[in-house]
Amino acid sequence: MKTMVSDANSKISMPSSSHSKILTLPTILTLGRVAAIPLLVATFYMDGWQGTAITTTVFTAAAVTDWLDGFIARKMKLKSTFGAFLDPVADKLMVASTLVLLCTRPLKVALLGQAPWLLIIPSITIIGREITMSALREWAASQSSKLLEAVGVNNLGKWKTATQMIALTTLLATRDCSGGGAAILVYLGVVLLYIAAGLAIWSFVIYMTKISKVLLR
């Protein structure tokens, strides 16, 4: 009888346990990044330094919470399946939205005003790589654990993420500036974005090499 009561109590408590895992603090921070995207879009088209400041602050806060939610999940052991799914989705949505926004409004420097495609090339490269990697990881997960391990995040991918975050923050912060010093920062942001795109391609080649080795065994 005690066993039956114990089993019944455990079954009753399961939904609340599952519910708490979905609503962990890291997951709430991740959901906050997704919810911040409309604010990023709205403030991006505001004229003046106020809009630039708010947009940059929103993106910077999103970048900080990207690191913070992972740190909290590891330290407090609050990892969840839903959080693991949502975290990369939130990152890709924020980065893709920012890249599209920057491409729709050319930065106020002479070179990019005359050749806006200079910003479009790395943007398409980064977004295309992210879409392809998402599909690749989904396919690998449906095949075998070895394939899934082959497409796990590596250090090169982390460097790519860090570089593109710095590049996008720089470009957002200087998009309404036309002074000489600010123009140098804009060019620096563009160069960093090309470096991020190069790292994206490089890491993709490494992933494909690992997948090939697994498939050819």
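All of the numbers you see were taken from the coordinates with simple rules; none came from a lab. Predicted model only: the values in this text are computed from it and were never measured. Methodologically, a virtual Cβ is constructed for each residue, glycine included, from the backbone with ideal geometry; neighbour enumeration extends over all protein chains shown.
Points to keep in mind about this one:
- Positive-end ranking of 171, 187, 216 along the dipole of region 106-217, with charges on Cβ about the Cα centre, is headed by 216.
- For region 91-168, the mean projected area of the C-alpha convex hull, equal to one quarter of the hull surface, is 5.6 nm².
- Here the relative contact order of the chain, from alpha carbon pairs under 8 Å that lie six or more residues apart, stands at 21 percent.
- The number of Lys pairs in the chain with C-alpha atoms less than 14 Å apart, excluding pairs fewer than 8 positions apart on the same chain, is 6.
- Projecting the Cα positions of 28, 84, 96 onto the charge dipole of the chain (unit charges on Cβ atoms of Lys, Arg, Asp and Glu, taken about the Cα centre) puts 84 furthest along the positive direction.
- Of the chymotrypsin sites (Phe, Trp or Tyr not before Pro) found in region 19-97, those in coil by DSSP whose Cβ has at most 12 other Cβ atoms within 10 Å are 45.
- Note on region 106-217: Rg/Rh from C-alpha atoms, Kirkwood Rh, equals 1.12.
- Correct option for Cα Rg over 2.2 N^0.38 Å [calculated from the coordinates] among (i) 1.24; (ii) 1.02; (iii) 1.43: (i)
- Sorted peptide list for 138-146, 168-176, 31-39, criterion being average Cβ within 10 angstrom, highest first: 168-176, 31-39, 138-146
- Degrees, to the nearest 10: 25-35 long Cα axis against longest axis of the chain: 40
- Point-charge dipole on Cβ atoms (K/R +1, D/E -1) for the chain, about Cα centre, debye to 20: 720
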